[in-house]
Amino acid sequence: MKPLYRKLPAELENSFSARHDIMPNFGNVWHYHAELELHYTIRGEGIRFIGDNISQFAPDEIILVGEKLSHAWRCKDEYFQNNPDYNIEAIVLQFLPDCLGKQLLQLPESYLIPKLFEKAKSGLLVKGETKRIVAQLMYECVNETGLGKVISLLQILKTLAESDEFETIVKTQTTFHQSNEADNIRLNNIFNYTHTHYKNDITLEEVANIANLSITSFCRYFKMMTRKTYYDFLVEIRISHACRLLVENKLPTEVICFECGFNNVSNFYRHFKKVMGLTPLEYKKRYLNRN
């Protein structure tokens, strides 16, 4: 799906953006921008979209999103109900590759940083001791001013560049150029409608109506924009919700099947294995054993 291009506002007093957000949710617009983004989810749960990857997100997750890599964090429905018990909290750093000067990237001592930025084009999930160190540095960065803020960013980049504690998120690197406003509105309408109604039997006719296209034109359009069929996209969203319910470990797998929009248990198992590479039971055991 072609995301919305977002030009981030320039801060004349800062060479990069570092903020600590506490708000109801992350919004629901799938977008990309020229800046890299280091995203630390402190509180919040839901589904994240990064490039061609659809996965659940949870607290204590740090991700480095490369330049022009599409992304969105879509919270669970509870975060859209104006409930004060459900707020997200995140620290977000956004910076252009050369925000500290092109000369920095050309220094022989800095050779690992461009390599890090190249890896980030596939999205990097930060893990292990690196995650713990970077989380602390991000707290420090948002509270620093002046040269201290720059030094904090350099410490973060040094820590990330020298680490191999990553999991690559995106299967296929895909960058985007600015798209027209009509496409932005149409695709985000499809995105939001699917999130709201994934439990239902969504027909091609109704989602094509959302896009103001005929069924044939919609199928061609969606495949061109996303490199996958709408049905594949819908299945991936349902499986991501199923993953969250499995790790919550409150419902039997057969109930989760129907909670996520599948009307046949055998189909659910087949799709889950295809998307996740293991059965629902294997997935639950692996997650619970890891924690």
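Below are the figures for this structure:
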| quantity | calculated |
| --- | --- |
| Furthest towards positive pole of dipole, ILE237, ASN289, THR279, structure part region 194-291, Cβ charges | ASN289 |
| Where the chain is the region considered: accessible area per residue in Å², 1.4 Å probe | 51 Å² |
| Links that overshoot a 31 Å alpha carbon limit, given the list LYS158/LYS250; LYS76/LYS158; LYS119/LYS228 | LYS158/LYS250; LYS76/LYS158 |
| Cleavage-rule hits, chymotrypsin sites (Phe, Trp or Tyr not before Pro), region 34-142, DSSP coil, Cβ neighbours within 10 Å at most 16 | TYR111 |
| Dipole magnitude of region 47-177, debye to nearest 20 (Cβ charges: Lys/Arg +1, Asp/Glu -1, about Cα centre) | 380 debye |
| Charged-residue dipole, Cβ positions (Lys, Arg, Asp, Glu), region 182-289 about Cα centre, Debye nearest 20 | 420 debye |
| For LYS284, solvent-accessible area (1.4 Å; no DNA, RNA or ligand), Å² | 30 Å² |
| Cα gyration tensor shape for region 4-168, rounded if a/c is under 1.5, else prolate or oblate | prolate |
| Among beta bridges that DSSP assigns inside the chain, antiparallel share in %, nearest 5 | 95 percent |
| Selection from ILE91, ASN263, LEU64, by position along the positive dipole direction of the chain (Cβ) | ASN263 |
| Protein accessible area in the chain, 1.4 Å probe - carbon and sulfur % | 50 percent |
| Cα gyration tensor shape for region 182-289, rounded if a/c is under 1.5, else prolate or oblate | prolate |
| For THR130, net neighbour charge (Lys/Arg +1, Asp/Glu -1) across residues whose Cβ lies under 14 Å away | -2 |
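The values are calculated or read from the model by the stated rules, or taken from the named source; none is laboratory data. Here the structure is a predicted model, which is why all the values come from computation and not from measurement. Glycine also receives a Cβ, built like all others from the backbone with ideal geometry; neighbour counts cover every protein chain displayed. Note: accessible area is taken over every heavy atom of the protein model, side chains too, but ligands, DNA and RNA are not part of it. Shrake-Rupley method; radii C 1.70, N 1.55, O 1.52, S 1.80 Å.
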